[in-house]
Amino acid sequence: MNFLNSVEKDILKTFKENDIPLDEVNLIPSSKKELGDYQINDAMRLAKIMHKSPREIAELLVKCLEETTYFENINIAGPGFINLSFKKELLTSYVEKVISDSTKDVENLEEEKIIIDYGGANIAKTLHVGHLRSANLGEAIKRLARRLGKDVIADVHFGDIGRQSGMIIYELKERYPSLNYFSGKTEEKWDDLPITGEDLEEIYPTASTKAKADDKIMEEVREITAELDKGENKGYVALWDKIRELSIKDIKAIYKQINTDFDLWNGESDAYPYIKETIDIMEKSGYLVESEGAKIVDVVEENDKSPMPPLVVIKSNGATLYATRELATILSRVKQFNPKEIWYLADMRQSLYFTQVFRAAYKTKLVPSNLKLSLYGFGTVNGTDGKPFKTRDGNAATLKGLIKDVKEEILTHMNKKLDNKDLIANQIAIAAIKYADFLPNRTTDYIFEPSKFIDVEGKTGPYILYNTIRMKSILEKATAKNLKYAKYTNVPTNTEKEIILLLMEKNNILHKAYNNKDLSPIADYLYNLTSLFSRFYEENHILTEQDQKKQESWLTLTYLVKITNEELLSILAIDIPEKM
């Protein structure tokens, strides 16, 4: 069990033995360190239950706390706030215990199978800044869940079918009419594509502009899309398969650059084999009904405070929709993996859509009632004008372009003599982008200012990296001098004490981040721990200290902070360069 949690349970046991009616005890980090390390704030709540003043109850609680062996300087502030500080020898003992295996101080959750749907890249479209948050948050939440013992399957869930497919095929037909995909025959060997992944980045917006300006082109796009959807035109199907393969290769390269990976690289089209079964189940339930030629599910609930439109599952012309494929994907996941939960990472502006889909899935008994479907929505990445982030020329910012711009800015500040400068600049750029993305609460829109987020002195990714590299360098120099760091025997100084107390909080921080599916507690924790170490480094000459026991204790503390930073940066999918 985690150290703090075990202390809380011991305190609760003592309280119960003294007839204190509490079901749990929470040690809350104190905001006023001069009063104590932690607070217990239950006296006010107990006053109503025990019919005594908060002060009387606080005094009773203090007597109970004095029976334990953990604390010194137990005091009461105000009407009944209890402040307490751990004994310094206990902090020394804690470091000694955790140094052998710091992972033992993190409590795992019950093992359950969870599918996380994030990424959401669209085939043949350029990944833009909007895809950044989905990738960053999804990847980090996946890693965090695994760290806490969950069995997680990650699915990118490509948008690989729909209107964009018709637009791209139309444009390719216009540019390369002689390709045998357009011959109307079933070929044994299809032509190679005369385009690259970069070409696709230009082809889609060109086709989209044309179609929006010309109704005849848009109608042809619709016809192509319908033929592709039904699988009637073998040439279109083969061409789209080639485009999909080309686009996925390019998308994978971008995801790899931002340290994002998936167990499943599936798309909407992978749900096609499950669509008939999905419709059959929903119709059998009696809730999939006909309305003006279409088939819909009424998803209104009694406590709805705003209008809730029905979910259209089949269009009046018999065609499927995005929602149809979403429901079929859910069914496929249930049948293949039998997960306990399915989590979706998507823009909060899609909340209504996911509410409709989830309600339809439960109402029609497409999924068992004990399967938890959850949307963890996120805010937008905005420019300094408060609107969704765009490039200097006013166009929607691509993910490639954003990384390139941040990397170029970093290169201008780097030591020109540094080896592997390009690789290191890329790692710092990714760290800067990711850390900036994690700092605000998941649901909050935030302003992205590249110059602000690359500063090595502020609350930034580069600041965390720089100091983590410094820790590593100190330990490497210590090893070169045959100095050991396997024991901590110091009576902690104030700064050392703050570091140890913060190390104790890691378990709570990880669980808080997991419970809220929000990485900002980890981002804040990393900054606070790193800042404390920076102060500790300035206060002590670690490598030149003459007292060997004191020096080993300092090196041991440095090592614990380093491995904690490394662990948390890994959860955030941030690589640490060799040098900066």
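Amide hydrogen proximity for residue 191: with H placed 1.01 Å from N in the peptide plane, the residues at 5 or more positions away or on another chain lying under 5 Å are 180, 181. Globularity index of the stretch 306-448 is 1.45 (Cα radius of gyration / 2.2 N^0.38 Å, N = number of residues).
For the stretch 234-251, the Karplus equation 6.51 cos²θ - 1.76 cosθ + 1.60, evaluated at θ = phi - 60°, returns couplings of 5, x, 5, 4, 5, 5, 5, 4, 5, 4, 4, 4, 5, 5, 4, 4, 5, 5 Hz by residue, with Gly and Pro reported as x. Overall dimensions of the stretch 59-124, expressed as equivalent-ellipsoid semi-axes from the Cα gyration tensor (√(5λ), whole Å, largest first), are 43, 21, 13. Using C-alpha pairs under 8 Å with a sequence gap of at least 6, the mean separation divided by the residue count of the stretch 1-116 gives a relative contact order of 25 percent. 3J(HN,Hα) along the stretch 339-356: x, 7, 9, 10, 10, 10, 9, 8, 4, 4, 5, 9, 4, 4, 4, 5, 4, 4 Hz, from the Karplus curve 6.51 cos²θ - 1.76 cosθ + 1.60 with θ = phi - 60°, whole Hz, x for Gly and Pro. Each of 435, 361, 239 was placed along the dipole of the chain (beta-carbon charges, centred on the mean Cα), and the one lying farthest toward the positive end is 435. Each peptide in 210-220, 548-558 gets a packing score, the mean of other Cβ atoms within 10 Å over its residues, and the list from highest to lowest is 548-558, 210-220.
Multiplying each eigenvalue of the alpha-carbon gyration tensor of the stretch 446-503 by 5 and taking the square root yields semi-axes of 30, 18, 7 Å, largest first, rounded to whole angstroms.
Histogrammed with a bin width of 5 Å, the alpha carbon distances of the stretch 400-510 distribute as 2, 10, 14, 17, 17, 13, 12, 10, 4, 1, 0 percent, first bin at zero.
Other residues within the sphere of radius under 14 Å centred on the Cβ of residue 412, judged by their own Cβ, net out at -1 (K and R +1, D and E -1). In the stretch 473-580, the inverse of the mean reciprocal separation of distinct Cα atoms equals 14.8 Å; this is its Kirkwood hydrodynamic radius.
Model label points for residue 53 and residue 67, set 7 angstrom from Cα along the Cα-to-Cβ axis, are 2.4 nm apart. Which whole-percent values make up P(r) of the stretch 204-274 when all C-alpha to C-alpha distances are grouped in 10 Å steps starting at zero? The distribution over the stretch 204-274 is 16, 36, 34, 14, 0, given as percents.
Ligands, DNA and RNA left out, the accessible area of the stretch 250-332 computed with a 1.4 Å probe is 50% carbon and sulfur. For the chain, the longest principal axis of the alpha carbon atoms and the long axis of helix 520-539 meet at an angle near 40°. In this structure the amide hydrogen of residue 158, modeled in the peptide plane, comes within under 5 Å of the amide hydrogens of 266, 267, 268, none closer than 5 places in sequence on its chain. Between residue 101 and residue 365, the FRET efficiency from the beta-carbon distance, with R0 = 51 Å, is close to 0.65.
Annotation for the stretch 163-192: trypsin sites (Lys or Arg not before Pro) lying in DSSP loop with at most 13 further Cβ atoms inside 10 Å of their Cβ are 185, 189.
Rounded to the nearest 0.05, the FRET efficiency derived from the C-beta distance between residue 110 and residue 416 at R0 = 35 Å is 0.10. To put it simply, the accessible area of the stretch 531-580 at a 1.4 Å probe is 42 percent carbon and sulfur. Magnitude of the charge dipole for the chain, about its Cα centre and with charges confined to Cβ atoms of Lys, Arg (+1) and Asp, Glu (-1), is about 660 debye. For the residue pairs 87/459; 230/284; 252/421; 249/365; 256/517; 421/477, the C-alpha atoms sit more than 26 angstrom apart in 87/459; 249/365. Once Rg/Rh (Cα atoms, Kirkwood Rh) is worked out from the coordinates, which option in (i) 0.99; (ii) 1.05; (iii) 0.94 does it equal? The value computed from this structure is option (ii). Quick one: net charge of residue 472's neighbours, Cβ under 12 Å, K/R +1, D/E -1? Local charge sum for residue 472: +1. Based on alpha-carbon atoms only, what is the radius of gyration of the stretch 17-96 relative to the globular estimate 2.2 N^0.38 Å? Taking N as the residue count of the stretch 17-96, the ratio is 1.12. The residues of the chain present an accessible area of 47 Å² per residue when probed at 1.4 Å with all protein chains retained.
About the centre of its Cα atoms, the stretch 19-140 shows a dipole size close to 600 debye [charges on the beta carbon of Lys, Arg (+1) and Asp, Glu (-1) only; nearest 20 debye]. Listed by chain and number, the lysines placed with their C-alpha closer than 24 angstrom to that of residue 305 are 363, 372; residues fewer than eight positions away on the same chain are left out. In degrees from 0 to 90, rounded to the nearest 10, what is the angle of the helix 272-285 Cα long axis to the longest principal axis of the chain? Long axis of 272-285 versus the principal axis of the chain: about 80 degrees. Share of pairwise Cα-Cα distances greater than 14 Å in the stretch 121-162 is 57 percent (whole percent). For the chain, averaging the sequence separation of C-alpha pairs within contact (under 8 Å, six or more residues apart) and dividing by the residue count gives a relative contact order of 15 percent. When you filter the GluC sites (Glu not before Pro) in the stretch 79-184 for DSSP loop state and at most 12 other Cβ atoms inside 10 Å of their Cβ, you are left with 110, 111. Relative to the longest principal axis of the Cα atoms of the chain, the long axis of helix 421-438 makes an angle of roughly 80 degrees.
For the peptides 73-84, 465-476, residues were scored by their other Cβ atoms within 10 Å and the scores averaged per peptide; the highest-first order is 465-476, 73-84.
Amide H to amide H distances under 5 Å link residue 119 with 135, where only residues 5 or more positions off or on other chains count and H is placed in the peptide plane. Scalar couplings 3J(HN,Hα) for the stretch 160-168, obtained by applying the Karplus form with A = 6.51, B = -1.76, C = 1.60 to θ = phi - 60°, are 10, 8, x, 4, 5, 5, x, 5, 5 Hz; x denotes Gly and Pro. Share of the stretch 33-115's accessible area from carbon and sulfur, percent, 1.4 Å? Carbon and sulfur together cover 49 percent of it.
Using the structure shown, list the pairs from 216/315; 242/400; 417/579 with a Cα-Cα distance above 18 Å, or answer none. Flagged as over cut-off: 216/315; 242/400.
Computed from the C-beta positions of residue 41 and residue 512 and an R0 of 22 Å, the FRET efficiency is 0.80 to the nearest 0.05. About its Cα centre, the stretch 529-570 has a charge dipole of approximately 40 debye under the convention of +1 per Lys or Arg Cβ and -1 per Asp or Glu Cβ, with nothing else charged.
The values are calculated or read from the model by the stated rules, or taken from the named source; none is laboratory data. Keep in mind that what you see is a predicted model, and the values were worked out from it rather than measured. Note: ideal-geometry Cβ built from the backbone for every residue, glycine included; neighbour counts use all protein chains shown. These accessible areas exclude ligands, DNA and RNA; they are computed on the full protein's heavy atoms, side chains included. Shrake-Rupley method; radii C 1.70, N 1.55, O 1.52, S 1.80 Å.
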